[in-house]
Amino acid sequence: MSIAPPVYDIRISYDENYRNGPVFGISPPPLQDTHQLVSFLGIPCRSRIGIPAGPLLNSSWIEFYSKMGFDILTYKTVRSHSHPSYQNPNCLYVPFNRPFKAEDLDSPLIATLDFHPQSMNSITITNSFGMPSQDPSVWIPDIGKAVQSLAKNQVLVVSVVGIEQPNCSMPEDFARTAKIAKEAGAMAIEVNFSCPNVKGKEGQLYQSPESSMKVLSMVRAAIGDTPLIMKIGQISDPDLAKRLLEKASPYIQGVGAINTVLGTIINSNGQPALPGAGRERSGLCGAGIRNLALQTVGILRKVIDEEKMDLSLIGVGGYNTPDDYMLFRNEGADFVMSATGAMWDPYLAYVTKQRDID
Ligand SMILES: Cc1cc2nc3c(=O)[nH]c(=O)nc-3n(C[C@H](O)[C@H](O)[C@H](O)COP(=O)(O)O)c2cc1C
């Protein structure tokens, strides 16, 4: 039997999903009792399970997933100005029957809408949105609504990005966007330092510890003592991890890894699978990137422990089943978040909690 279609409808545009979603026929399960609250960057929280920036487009999406038992909810990355999404399709299946090794990504990967996954472990996708954002006049009140929709001891994180603009440097744009998000009601701010789908310098900021530090210091000054998370991409070099965390740790409370992993995506005719210039390469996520995410989490854990840094580690990438949650916890993640998994299985937090594994 095939897995049911995702809550985020990958056959329609981002704008339609924003306006009309989430569409899901079944009423949510009752929120489970929490035996013990945990501290998420100092905020009391019902569990260690969340959704990273991506599938939660606005307050309607946040409300739905909070009712499904995800307790740390990240509002999809916002900008200081409105920005359109790339054209539909934005997500395609990448049929691949095992987690990627680094060398698998050297060759093009075939992607299609026409695939019927038989298990959560066969759901790997590519996503390519270009970090769309509503204007702040839309997302500011919507963040307020999102906060109101949460149950007690659930947490709203808002992901932000900044870009170089004629009257504003990239760090300044990050800082002002973070400040507005905080004032709108964000309980924690996440800076997105890795987005393979955008072409500007902000795309892979985490690769430069020095530039990352410049942004973080300005964001920290702008948001006072609100908890700050740095979201980064895949790292296989322990030395880069150490240099990055050394520069970043004075300013942040948490590090989230990983964002999507870049691949070359073609259709079955060998042509670029996503329409429009500049989309030949796009971000991979879901089951396929799990081992790369676990490897990065392991490297970060080691640095945090060896350097005795006061940092929480958020594991992201291929948490599609409750077993995956355990793998991330065993690798040293303090919190674990699912984007692709939660899109196809909105019960993921519920069934993970039934295992009572923490
Ligand atoms: C539909 C979708 C949209 C995403 N949008 C964002 C985004 O706006 N900002 C961001 O930092 N990451 C974004 N991501 C990346 C996720 O936060 C996550 O890092 C990545 O998908 C790996 O997790 P997964 O394997 O559970 O999907 C997006 C992912 C998906 C699937």
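The values are calculated or read from the model by the stated rules, or taken from the named source; none is laboratory data. Everything numeric in this text was worked out from a predicted model, so none of it was measured. Using ideal geometry, Cβ is built from the backbone for each residue, glycine included, and neighbour counts are taken over all protein chains shown. Accessible surface is based on the protein model in full, side chains and every heavy atom, while ligands, DNA and RNA are left aside. Shrake-Rupley method; radii C 1.70, N 1.55, O 1.52, S 1.80 Å.
Run the Debye formula on the Cα coordinates of region 277-358, all scatterers equal and no solvent, and tell me log10 I(q)/I(0) at q = 0.14, 0.22, 0.23 1/Å.
-0.50, -0.98, -1.04
Using only protein heavy atoms and a 1.4 Å probe, report how much of residue 206 is accessible, in Å² to the nearest 10.
Residue 206 has an accessible surface of roughly 10 Å² with all protein chains in place.
Which GluC sites (Glu not before Pro) from region 244-314 combine a DSSP loop assignment with at most 13 other Cβ atoms within 10 Å?
On the way: sites: 246, 280, 306, 307; in loops: 280, 307.
Listed in order of number, the matching sites are 307.
Show log10 I(q)/I(0) for the chain at q = 0.15 Å⁻¹, two decimals, from a solvent-free Debye sum over equal Cα scatterers.
At q = 0.15 Å⁻¹ the computed log10 ratios are -1.38.
Just need the Rg to Rh number for region 173-295, please, alpha carbons only, Kirkwood Rh.
Numbers: Rg = 16.1 Å, Rh = 15.7 Å.
Ratio of gyration radius to Kirkwood radius: 1.03.
In straight Cα distance, which lysines are under 18 Å from residue 302, not counting same-chain residues fewer than 8 positions off?
Cα-Cα hits under 18 Å: 231, 242, 247.
Heavy atoms only, probe 1.4 Å: what % of the accessible area of region 1-43 goes to carbon and sulfur, would you let me know?
Values: 1520 of 2830 Å².
Using a 1.4 Å probe with all protein chains present, region 1-43 comes out at 54 percent carbon and sulfur.
How high is the relative contact order of region 282-339, in percent, with contacts defined as C-alpha pairs under 8 Å that are six or more residues apart?
Details: 77 pairs, mean separation 23.4, N = 58.
Result for region 282-339 is 40 percent.
Within the accessible area of region 192-330, what % is carbon and sulfur when the probe is 1.4 Å and the other protein chains stay in place? Please report the intermediate quantities before stating the final value.
Numbers: 2510 of 5190 Å².
In region 192-330, the share of accessible area belonging to carbon and sulfur is 48 percent.
In whole percent, how big is the carbon plus sulfur part of the accessible area of region 60-188, probe 1.4 Å, protein atoms only?
Working: 2670 of 5030 Å².
After summing per-atom areas, the C and S share lands at 53 percent.
Only helices at least 18 Å long along their axis, Cα-based, and averaging 0.5 or more on Kyte-Doolittle count here, so list those DSSP H runs from the chain. The partial results should precede the final answer.
On the way: long enough: 136-149 (19 Å, 0.16); 170-184 (21 Å, -0.58); 209-223 (21 Å, 0.55); 290-306 (24 Å, 0.15).
Length and hydropathy pass: 209-223.
So how long is each side of region 41-122 along the principal axes, counting just the alpha-carbon atoms, biggest first, in Å?
43, 33, 25 Å, listed from the longest principal axis down.
Which longest uninterrupted range of the chain lacks any trypsin sites (Lys or Arg not before Pro) assigned by DSSP to a loop state (not H, G, I, E or B) and surrounded by at most 16 other Cβ atoms within 10 Å? Present the calculation step by step, with values, prior to reporting the outcome.
On the way: sites that count: 11, 101, 152, 199, 308, 355.
My reading of the result: 200-307 is the longest stretch.
What number comes out for accessible area per residue over region 180-264 if the probe is 1.4 Å? Units Å², please.
In whole numbers, region 180-264 has 35 Å² accessible per residue.
So what is the calculated 222 nm ellipticity per residue for the chain, using -39500 (n - 2.57) for each DSSP H run with n of 4 or more, over all residues, to the nearest 500 deg cm²/dmol?
Values: 10 runs with 110 residues, N = 358.
Computed ellipticity for the chain at 222 nm equals -9500 deg cm²/dmol.
Between residue 19 and residue 267, what FRET efficiency follows from the Cβ-Cβ distance if R0 is 41 Å, with the result rounded to 0.05?
Details: r = 28 Å, r/R0 = 0.69.
Efficiency, from the Cβ-Cβ distance: 0.90.
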